Amino acid sequence: MKRLALPGIAGMLLVSLAGACWAGEPDSLQLEKGKTLFISGAVPACAVCHALSDADAAGTIGPDLDELKPDAERIKKVLQEGMGVMPSFADSLDEASMDAITAYVVHATGGGQ
């Protein structure tokens with residue numbers, strides 16, 4: 001009986017791990033939305049202040065995101081709360097939009113790695 005249970009448990013573990021990997025990867029629509037918001041959709045647009053090569057953005061007011069490579073937690077917190085001269089976007093962007101920008105910047109920079 002124990003021999004039969006082990007393959008079943010191993011199979012469930014593999015399925016749950018695979019699901020966790022898929023859930024963690026942003027889809028192409030979310031990345032495209034994040035890029036659009038970064039370039040021109042957010043007010044003010046992220047690209048006005050930040051450099052990010054994937055977006056052809058050369059802003060010099062905020063940090064160069066290609067160099068900084070921020071992780072998702074940092075990006076989301078700064079979008080929600082602001083930092084220094086950067087305003088909070090909590091009143092102008094919904095949660096899905098902030099998540100899209102976060103996913104896009106992390107994807108474009110390899111953030112958090």
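Any read-out appearing in this document is the output of simple, stated calculations on the displayed coordinates, not a laboratory observation. Owing to the predicted nature of the structure, the values given are computational and were not obtained by experimental measurement. Glycine gets a Cβ as well: all are built from the backbone with ideal geometry, and neighbour counts include every protein chain shown.
For this structure, a couple of remarks:
- Cβ crowding within 10 Å averaged over residues, with 29-39, 70-80, 86-96 ranked highest first: 29-39, 70-80, 86-96
- Whole-Å semi-axes of the ellipsoid equivalent to segment 27-109 (Cα gyration tensor, √5λ, descending): 15, 15, 12
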